[in-house]
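Colleague: Handing you a structure now.
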Amino acid sequence: MTAIRTEGLRKEYKDVVAVEGLDLEIEEGELFSLLGVNGAGKTTTVKMLSGLTVPTAGDAEVCGFSVVKEPDRVKGSIDVSMQETAIARKLTVEENIAFYAAMRGHSKEQIEEDKKYVYSVFGLDSVAKRYAGKLSGGWQRKLSVALALISRPKVLFLDEPTLGLDVIARRELWRTIRELKGKMTVILTTHYMEEAEALSDRIGVMKDGKLLFVGTQEEMYASTGKGNVEEAFIEIVTGGERDA
Amino acid sequence: MRKFSKTFAFAKRNIKEIVRDPISLIFMILLPLALEVLFYFIFHKLTAQFEMANLAPGIVVFSQSFLTLFTGLLIALDRGSAFLTRLFVCGARSSEFIFGYAIAMIPVTLVQTVLFFLVGGIIDPSIFGVGMLRCIPLALLTSLLFIGLGILFGSVCSEKSIGGVASAVITAQSVLSGMWFPIEGLSSGMVTLMKCLPFKNATDVMRLALSGGGDPVKEHLVPILIVTAYVVASFVGAIFAFRSKMRSKNI
């Protein structure tokens, strides 16, 4: 089953083309990484696919719903963790979970289940009573990602989830993301090559709003003649000019 | 009630954000309270402006002007982080956000009103009476003016610029309300301006509701209508600004 299908997806901001003619299919349960340097169009793609930004042209189906015609139904099937930490800083971790669940329309009984679920996946029970704003950066990011799981989305967008985290916090978050594989479709945007290498089923490479490559790591190595994601990525985005 | 559950959940979060910020409590509660007590004891024998019957209603409206600052700051901070983006993914509507911000400030303004009248009454028991009860619903009306302005400015200003813009409102309430000085000595043009703006009218609404005197139409109804007009205008502007930000997704 296809979780996401885009056809000619395009976004323009005044005279800048942020995403150009994106054609892509992502299967259910897949962990798909979008790689690209800053300004490649990764975040704009996530915003269009999650119904936060209306495409200038083209369309995308997410869980069978059009992002242009049925953005509310798309939002009911997905959730997003943006690259900035998005938490209520003066609420405790427990209150953040309860608040976000209530905003998703969950009942009191469901909210108690949500807390148990989030605690079990992210181990947040040890900091449940602490104010979110007082937590370390790693815990704040964990909470921010955890909130996106409350709605049990079919498709989860993780936009630069480990940006700014230290290596230990990053590895912990990788472990959690790995546990999600197969349970939901995960779209991960990152510019950390080792992150894409460690987590992805398939990788898409974007540059200047265009999708230059889609495939598995092995296909990436085969098409570029390189032996790791970083070298293969550089080969794809520079067209081999860097080596020359 | 389920229909409004997102609004109330959002309002509950907003109340917690406000009351857990000691700075907001200092400016919305402690500073006006200190001014009420100090100005009464220092100046009440010098000028009628600082007799408790005039001072307490003025302080209530002055304290409400800080609602513009803290409502605006909360919205600007929410917009500046990815917090509102996250909530837009929840499918919450702009009306639920606007009411959520506004409802959160109602308990604050009720505490301000009751506290400043209570303390005023303890200092000068002559102000205790039915007038205080009249003041409570009218305080809700005047607070909506400042809440509406807070939502409006918070929707269009950044977290860096909201402080300056909201300070202009606080200064305007202080200077153009006539609460700190008699307006008789001012030029007729200045007095006309003050009568056209909501700040003096909001203060007059509270003062006359407390005292109960004056012409029922000219001195009671007209200021209420002027304040109401500004409340409607500020909320229409706030809804328009917030919705246009949400539509453009440029939050």
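Colleague: Failed condition for A:Met1, given (1) touching a residue at least 24 places away in the same chain (Cβ under 8 Å); (2) within 14 Å of chain B (Cβ to nearest Cβ); (3) hydrophobic (A, V, I, L, M, F, W, C); (4) surrounded by fewer than 23 Cβ atoms within 10 Å (Cβ to Cβ), with all others met?
Modeller: Only one criterion is unmet by A:Met1, namely (2).
Colleague: Determine whether the stretch A:197-213 contains at least one residue that is touching a Gly at 6+ places or on another chain (Cβ under 6 Å), surrounded by fewer than 17 Cβ atoms within 10 Å (Cβ to Cβ) and either within 14 Å of another protein chain (Cβ to nearest Cβ) or within 24 Å of A:Ser50 (Cβ to Cβ) (or both).
Modeller: no
Colleague: If you go through the stretch A:36-55 one residue at a time, how many are away from every other protein chain (no Cβ under 11 Å) and more than 10 Å from the chain's Cα centre (by Cα)?
Modeller: We begin by selecting, within the stretch A:36-55, every residue away from every other protein chain (no Cβ under 11 Å); these are A:36-42, A:45, A:49, A:55.
Checking the rest, the ones that are also more than 10 Å from the chain's Cα centre (by Cα) come to A:36-41, A:45, A:49, A:55.
Residues meeting the conditions: 9.
Colleague: Something else: From B:Ala202, B:Ala209, which residue is at pLDDT 95 or above, surrounded by 15 or more Cβ atoms within 10 Å (Cβ to Cβ) and touching a helix residue (DSSP H, G or I) at 6+ places or on another chain (Cβ under 6 Å)? Lay out the reasoning, then the answer.
Modeller: On the way: B:Ala209 fails: at pLDDT 95 or above.
Selected residue: B:Ala202, the only one of B:Ala202, B:Ala209 that is at pLDDT 95 or above, surrounded by 15 or more Cβ atoms within 10 Å (Cβ to Cβ) and touching a helix residue (DSSP H, G or I) at 6+ places or on another chain (Cβ under 6 Å).
Colleague: Can you name every residue in the stretch A:58-80 that is acidic (Asp, Glu) and touching a residue at least 12 places away in the same chain (Cβ under 8 Å)?
Modeller: Taking the stretch A:58-80 first, the residues acidic (Asp, Glu) are A:59, A:61, A:70, A:72, A:79.
Residues satisfying the conditions are A:Asp59, A:Glu61, A:Asp72, A:Asp79.
Colleague: If I filter the stretch B:51-80 down to residues being among the polar types (S, T, N, Q) and within 19 Å of B:Gly148 (Cβ to Cβ), which single residue comes out as farthest from the chain's Cα centre (by Cα)? Don't jump to the end; show me each part of the working.
Modeller: Going through the stretch B:51-80, the residues among the polar types (S, T, N, Q) turn out to be B:54, B:63-65, B:68, B:71.
When the remaining residues are screened for being within 19 Å of B:Gly148 (Cβ to Cβ), the result is B:63-65, B:68, B:71.
On the way: B:Ser63: 7, B:Gln64: 3, B:Ser65: 4, B:Thr68: 6, B:Thr71: 10 Å.
Of everything passing the filter in the stretch B:51-80, B:Thr71 is farthest from the chain's Cα centre (by Cα).
Colleague: Let me ask another. I'd like to verify a number: residues in the stretch A:4-25 that are farther than 27 Å from A:Thr216 by Cβ and either small (Gly, Ala, Ser) or loosely packed, with under 14 Cβ neighbours inside 10 Å (or both), how many?
Modeller: 4
Colleague: Follow-up. Name the single residue that is farthest from A:Glu230 (Cα to Cα) among those in the stretch A:32-59 being small (Gly, Ala, Ser) and crowded, with 23+ Cβ neighbours inside 10 Å. Outline the logic, then answer.
Modeller: First, the residues of the stretch A:32-59 that are small (Gly, Ala, Ser): A:33, A:36, A:39-41, A:50-51, A:57-58.
Those still in the list that are crowded, with 23+ Cβ neighbours inside 10 Å too: A:33, A:36, A:40-41, A:50-51.
Details: A:Ser33: 13, A:Gly36: 11, A:Ala40: 16, A:Gly41: 19, A:Ser50: 28, A:Gly51: 31 Å.
Among them, the one singled out is A:Gly51.
Colleague: Taking the conditions exactly as written (away from every other protein chain (no Cβ under 14 Å), within 22 Å of B:Phe199 (Cα to Cα) and within 17 Å of the chain's Cα centre (by Cα)), does B:Thr47 satisfy them or not?
Modeller: Values: away from every other protein chain (no Cβ under 14 Å): yes; within 22 Å of B:Phe199 (Cα to Cα): yes; within 17 Å of the chain's Cα centre (by Cα): no.
It is false that B:Thr47 is away from every other protein chain (no Cβ under 14 Å), within 22 Å of B:Phe199 (Cα to Cα) and within 17 Å of the chain's Cα centre (by Cα).
Colleague: Taking the stretch A:161-193, which residues are assigned to a loop (DSSP other than H, G, I, E, B), more than 10 Å from A:Ser33 (Cα to Cα) and not β-branched (Val, Ile, Thr)? Explain how you work it out, then say what you get.
Modeller: Initially, the stretch A:161-193 is screened for residues assigned to a loop (DSSP other than H, G, I, E, B), giving A:161-166, A:182-183, A:191-192.
Then keep just the ones that are more than 10 Å from A:Ser33 (Cα to Cα); that gives A:161-166, A:182-183, A:192.
Within the stretch A:161-193, A:Pro161, A:Leu163, A:Gly164, A:Leu165, A:Asp166, A:Gly182, A:Lys183, A:Tyr192 qualify.
Colleague: Determine the pairs where a residue that is farther than 25 Å from A:Phe233 by Cβ, located within the stretch A:40-53, has a partner that is in a helix (DSSP H, G or I) and of a type in the set (A, V, I, L, M) with Cβ atoms under 6 Å apart, the partner being 6 or more residues away or on another chain.
Modeller: A:Gly51/A:Val74
Colleague: In the stretch A:91-118, what residues are under 23 Å from the mean Cα position of the chain (by Cα), crowded, with 18+ Cβ neighbours inside 10 Å and closer than 25 Å to A:Arg175 by Cα?
Modeller: Selection gives A:Val93, A:Asn96, A:Ile97, A:Ala98, A:Tyr100, A:Ala101, A:Asp114, A:Lys115, A:Val118.
Colleague: Same structure, new question: If we keep just the residues of the stretch A:80-99 that are closer than 23 Å to A:Glu112 by Cβ and of a type in the set (D, E, K, R), which is farthest from the other protein chains (Cβ to nearest Cβ)?
Modeller: Taking the candidates together, the pick is A:Glu94.
Colleague: Sort out for me the helices (runs of 4 or more DSSP H) sitting completely within the stretch B:18-119 that have 1 or more residues that are modelled with pLDDT under 95 and closer than 26 Å to A:Ser81 by Cβ.
Modeller: Values: elements: B:22-25, B:31-43, B:52-80, B:83-89.
Here the list reads B:52-80, B:83-89.
The values are calculated or read from the model by the stated rules, or taken from the named source; none is laboratory data. Keep in mind that this is a model prediction, so the values were computed, not measured. Quick reminder, even Gly has a Cβ in these numbers, built from the backbone with ideal geometry, and neighbours come from all protein chains shown.
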